[in-house]
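See below for the structure under consideration.
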Amino acid sequence: MKKRIFVTATNTDIGKTYTTKLLLKEYASQGYRVGVIKLIETGVVDGVMPDGDMLLSFVKELNDEFKDLESNDIVPITYELPSAPFVASNKTPLNFKKLDLAVQKLEKFCDILIIEGAGGLYVPIDSNTMMIDLIDYFDAVTLLVTHCSLGCINDTLLSKKALESKDIKYIVAFNCRESDDGFKTVSEPYFKEIGFEVLKVTRDIDTICNLLYNL
C-alpha cells in the first residue's frame, strides 16, 4: 500500500490546502511521485471546485502521470452548499465505494497520496460518519494543522485528544500568519512547558515531511 497522509485542521480556514501544497512540493523535491485527493468539497457551483481545481493544477506540475486527470478525479464527491457535508448532502449516506475507487485510481500514479480533509475532525459527513472516521478508514497517518492566534492552545489540545482517542498516528504543525506575531509570547510558552514540539508549516516543512513519512 502506498503512503497515505491525511491533512486535517483544528477548524476551517486554518490552511489545509496551503499546507497540502507545501507537502506535495517537498516530497516531489525528494524524488517521490506525489498525488493528492480531496475526498469531499462543498461550495462547488457550476462544476468549479476552488480547492480541487487548484490542487489538480499544482500536482500536474509535480507529477506528469496526473496530466490526463480531471478535477472530479481529485474531488470525487462535491456539494453546492458551502456547509458541513451532512447538511450540504441533505443527509445522504456517504458513498464509501466511490471514495475507495478514487483513491485506488490515484495511487496507481503516486508513491505518496496526500488526502485533504474538509473542515475539522468532527465535521459531520452523514449520520454515522465524521471527518475523523475517514482517517481511520483509509489507514492514514495525520498532519494536524493548527493556528497561532489566541485560542490555539484549546483548539490544538482538543484535536490532539480526539486523534489519540482513536489511536491515530499524527504530528501537529502550526500555520502562523503575519497577524500572529503574539504567538511567541502568548501561546508558545505553554506548548514548550508541556514538551510540545512547535513545528511551523512554512519553516519546518522538510522536518514535517520526514516525520510523517516515518510514522
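We did not get these values from a lab; they are worked out from the coordinates using the rules stated. Remember, it's a predicted structure, so these values are computed and weren't measured experimentally. Using ideal geometry, Cβ is built from the backbone for each residue, glycine included, and neighbour counts are taken over all protein chains shown.
Residues in segment 73-120 that are of a type outside the set (Asp, Glu), over 18 Å from Met131 (Cα atoms) and surrounded by 15 or more Cβ atoms within 10 Å (Cβ to Cβ): Leu106, Phe109, Cys110, Ile112. Just one residue in the set Ile5, Ile14, Ile37 is of a type in the set (A, V, I, L, M, F, W, C), part of a loop (DSSP other than H, G, I, E, B), closer than 28 Å to Leu158 by Cα and within 17 Å of the chain's Cα centre (by Cα); that residue is Ile14.
Is segment 58-65 home to any residue that is within 18 Å of the chain's Cα centre (by Cα) and over 27 Å from Ser159 (Cα atoms)? Yes, there is a match, as at least one residue in segment 58-65 is within 18 Å of the chain's Cα centre (by Cα) and over 27 Å from Ser159 (Cα atoms).
Residues that are surrounded by 24 or more Cβ atoms within 10 Å (Cβ to Cβ) and either more than 23 Å from Phe138 (Cβ to Cβ) or in contact (Cβ under 8 Å) with a residue 60 or more places away in the chain (or both) within segment 41-56 comprise Glu41, Leu55, listed in sequence order. Taking the criterion of being touching a strand residue (DSSP E or B) at 6+ places or on another chain (Cβ under 9 Å) and either assigned to a loop (DSSP other than H, G, I, E, B) or among the charged types (D, E, K, R) (or both), the residues of segment 112-129 that qualify are Glu116, Leu121, Tyr122, Val123. Figure legend. Inter-residue proximity from segment 130-148: first residues at negative phi and part of a helix (DSSP H, G or I), second residues surrounded by fewer than 23 Cβ atoms within 10 Å (Cβ to Cβ) and of a type in the set (Lys, Arg), beta-carbon distance below 6 Å, spacing 6+ or different chains. Indicated pairs: Asp136/Lys166. Taking segment 24-33 as the range and being surrounded by fewer than 24 Cβ atoms within 10 Å (Cβ to Cβ) and not in a loop (DSSP other than H, G, I, E, B) as the test, the residues that pass are Lys25, Glu26, Ala28, Ser29.
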